[in-house]
Every structure is written in C-alpha cells, then in structure tokens.
1. Among the residues of region 54-104, what is the count of those that are closer than 30 Å to GLU119 by Cβ and among the hydroxyl-bearing types (Ser, Thr, Tyr)?
2. Tell me the residue from GLU35, GLU5 that is touching a helix residue (DSSP H, G or I) at 6+ places or on another chain (Cβ under 9 Å) and acidic (Asp, Glu), please.
3. How about region 154-174: which of its residues are of a type in the set (Gly, Ala, Ser) and not in a strand (DSSP E or B)?
4. Sort out which residues of region 78-127 are over 15 Å from VAL150 (Cβ atoms) and in a helix (DSSP H, G or I), and write them in order of number.
5. Anything in region 80-101 that is out of contact with any Phe, Trp or Tyr (no Cβ under 9 Å at 6 or more places or on another chain) and modelled with pLDDT under 95? List them, or say none.
6. Going by the structure shown, is LYS75 more than 15 Å from the chain's Cα centre (by Cα) and either part of a helix (DSSP H, G or I) or at pLDDT below 95 (or both)?
7. Restricting to region 92-125, name every residue that is surrounded by 14 or more Cβ atoms within 10 Å (Cβ to Cβ), touching a residue at least 12 places away in the same chain (Cβ under 8 Å) and farther than 30 Å from ILE15 by Cα.
8. Which residues, taken from region 1-44, are polar (S, T, N, Q) and in a helix (DSSP H, G or I)?
Amino acid sequence: MKIKELPENTLQRLIIYLKVLEHLEKEKIDPISSEDLAKRCGVNSAQLRKDLSFVGNLGTKGVGYSVKSLKYSLKKFLGRNHEWNMILGGINPLGKFLLESSQLFNEGFNFLAIFDTREEYIGKVYNGLSVYNLSQISYVVKNIKVDIGVITAEDVPEVYLEAFLKEGIRAILNLSHVPLFSENKEVKIENFSFSLILTKLSYFLKICEENK
C-alpha cells in the first residue's frame, strides 16, 4: 500500500483550514476572499493557494472561495466525509473524558470498545461501553470494524500498542506519557501529550528570554 505523499506541515495547515471553514459556516460567512481566509488561518494567500492546490482548483478569480464547497472538498480530501470507529486502550481520567466527548461523536469519531489489563476495571461500563480484558481483543475486533486505536494507558502503553498492531490497526493515537513508534511504514502513530506541546512553548519562551 502506498500512502499519498503530502508534506506534514501542509497536512497540518489543511486541517486548520477545515476548522476555520467550519467556524465560518456557523457564522454564515460565505463566500470569502483568499486574503481574508488566509489571514484567519495564519498564513499568506500564496501559501493558502499552494496548499489548496493539493485538493484541487477550488477558488473563483475575483470572488474567492465558497465556504460550503471548500469545506466539503477538504473534508473529503482529509477522509472526514464518513465515520471512523475507534477503540480505547487504558482507562484513566483522560480516557473517560474522550469516551464522553460529544464533539468527537459529532465529528464522526466513535468509540466502540474499551480495553484494560487491570482486573478492577474489567467489566465496568463507561458511556454505555463495557471494558474488556486486553487479552480478549482478538475476539472483540473480529466482530467490529476498527479504524483507529487510542492509547491513554498510564502504565505499560507499549502493551496496548503491541496488541493494536497485532490486530492490524494502522492508525493509532498515543496519548500516554511515553512516545511510541513502529517500523511498519503502513502504520501511522500520532504521539500527543500536553507536556510535549507545553515543552514547545517553554522552548519558545527560553529563546525570547535569551534574545532580550
């Protein structure tokens, strides 16, 4: 399987464009000029047009962009035009928050099962979903289509990664405190934590102090 090559920074900006367009649609702003849209997205109009060229020829000279049409095209390009099924690995406060998030559900990301390795959590129910023992994962995923695995485990997150990979799950969001990786190029792992993002900001502040 060949994954379409798209620069990571471009992908990140396309996602931002989509979020801005969703907000514009709620505000009933349509159409919008490339200059105004670029400003709202934190880029210049040349960068905006370059990024959107990956999606297609979407603008109209002298008019700009149809917010509704551009949002639709971006959602389709980014795979957001249908729903995705998810499973959760490791119950903790963050995991519980995600399970109860109406925003994820409204945007088409649905949790179908929860797994844990601790006996005290097995069989408990969160937002209508029972917690299975991780050893039961093969049985469970045979009965449901799983697109994305989410790891929030505070202990041994590697165990969940190994189990998810063994079941052929190719898209994994790792929210644990340990960055996880796979040598399989057909697997995409996104490592995210507030600590990682705050460290970027702490570095920025350090540089600002040093340049005073």
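The values are calculated or read from the model by the stated rules, or taken from the named source; none is laboratory data. All values derive from a computational prediction rather than experimental measurement. Using ideal geometry, Cβ is built from the backbone for each residue, glycine included, and neighbour counts are taken over all protein chains shown.
1. 1
2. None of the others qualify; the one that does is GLU35.
3. Within region 154-174, ALA163, GLY168 meet the criteria.
4. Residues satisfying the conditions are SER102, ASN106.
5. From region 80-101, those out of contact with any Phe, Trp or Tyr (no Cβ under 9 Å at 6 or more places or on another chain) are 80, 82, 92-94, 97; that's our starting set.
Residue satisfying the conditions is HIS82 alone.
6. On the way: more than 15 Å from the chain's Cα centre (by Cα): no; either part of a helix (DSSP H, G or I) or at pLDDT below 95 (or both): yes.
Criteria not met by LYS75.
7. The answer is ASP116, THR117, TYR121.
8. Narrowing region 1-44 to residues polar (S, T, N, Q): 9-10, 12, 33-34, 44.
Listed by number, the residues that qualify are ASN9, THR10, GLN12, SER34.
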